[in-house]
Amino acid sequence: MSFLDALLDPALPFVRNAFLAGILSSVLFGVLGSVVTVKRIAGLAGAISHAVLGGIGLALFLSARGLAPGLPPIAGALAFAVLSAALIGVVSLKAKQREDTVINAIWAVGMSVGVLFIAKTPGYADPMSYLFGNILLISGRDLVLMAVLSALVVAGAWRFYPQIEASAFDEEFARTRGVRTDAVFLAVLAVVAVSVVLLQTFVGIVMVIAMLTLPAGTAGFAARNLRGMMVLASLLSAVFSVGGLALSWETDLPSGAVVVVLSGAVFLGASGIRMLVTRTSRPKAERPDGK
């Protein structure tokens with residue numbers, strides 16, 4: 001059965017759910033990914049994404065041991081994500097000389113804590129399922145949550161676009177114009193943290209990090225402003241998600257990994273083309289080899 005046939009088959013609702021999830025998540029990846037890329041805080045988003053694993057492991061452990069019966073993994077993930085975002089935000093604003101150290105520490109410690117708790121959780125829990133996720137297991141309730149979050153993110157970006165754009169490209173100038181750049185930065189981190197929690201539950205940590213950076217990075221080669229970058233990144237995210245799903249269905253490969261590889265291949269290809277165009281368009285005297 002081809003991917004199109006499976007998509008239209010009433011007996012395979014999980015394929016349609018995965019397709020809709022790819023479309024809805026592309027809005028989040030496009031809008032948030034553009035801001036993350038322009039502000040050059042991909043490392044911060046990566047640290048938050050990996051720290052989430054610590055919250056998932058803790059929630060699984062507490063629930064399995066009966067210390068917090070019925071505690072869902074998403075609750076622990078949300079707590080760790082918000083805490084990590086707050087810590088990173090405060091350190092970034094108040095102690096910039098130690099920013100990289102704190103980011104790397106949160107990245108490594110968060111993942112390690114999660115693996116340790118999962119290892120001590122009775123029964124079997126595979127950390128790989130949280131790293132790579134499974135977009136084919138998305139339910140109708142998950143789609144509703146993604147649709148609500150996407151609508152809120154788009155509305156927030158539309159309402160506060162001038163402040164976001166100004167603080168993203170020139171914080172000093174934006175501050176002189178009365179923009180509360182610190183508040184914008186912390187708000188962006190908080191929204192990224194919440195989005196990471198929701199998205200990684202469905203598609204995995206690795207895919208979240210890749211899709212927050214690769215579509216926006218590719219869109220940056222052609223976009224002329226942040227608004228255009230958001231729109232183009234969202235379209236590219238949708239293409240990568242749907243294309244990856246179709247390719248994984250036809251080749252019987254993990255969908256999340258295929259989406260990431262497809263996104264990376266297009267980004268590297270676009271980077272190579274950009275380098276060639278830039279090199280050939282430079283005057284001969286400006287080229288390093290003079291050729």
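FYI, it's all coordinate maths here, none of it is from the lab. Being a predicted model, the structure only gives us computed values, none of them experimental. We place every Cβ from the backbone using ideal geometry, glycine too, and count neighbours over all the protein chains shown.
Before moving on, here are some points about what is shown:
- Among 215-224, 135-144, 46-55, the peptide with the highest mean count of other Cβ atoms within 10 Å heads the list, and the full ranking is 46-55, 215-224, 135-144.
- Listed residues 18, 158, 145: farthest to the positive end of the dipole of the chain (Cβ charges): 158
- Hydrodynamic radius of the chain by the Kirkwood approach over all distinct alpha-carbon pairs: 20.1 Å.
- Mean Kyte hydropathy of -1.0 or more with a Cα span along the axis of at least 27 Å, helices from DSSP in the chain: 13-38, 42-64, 73-94, 99-119, 140-159, 181-203, 226-251, 255-281
- Placing +1 on each Lys and Arg Cβ and -1 on each Asp and Glu Cβ, with no other charges, gives the chain a dipole about its Cα centre of roughly 880 debye.
- Solvent-free Debye scattering, log10 I(q)/I(0), computed from the Cα coordinates of the range 136-291 at q = 0.10, 0.13 Å⁻¹: -0.49, -0.77
- For the chain, the relative contact order is 29 percent, taking Cα pairs closer than 8 Å that sit 6 or more residues apart in sequence and dividing their mean separation by the residue count.
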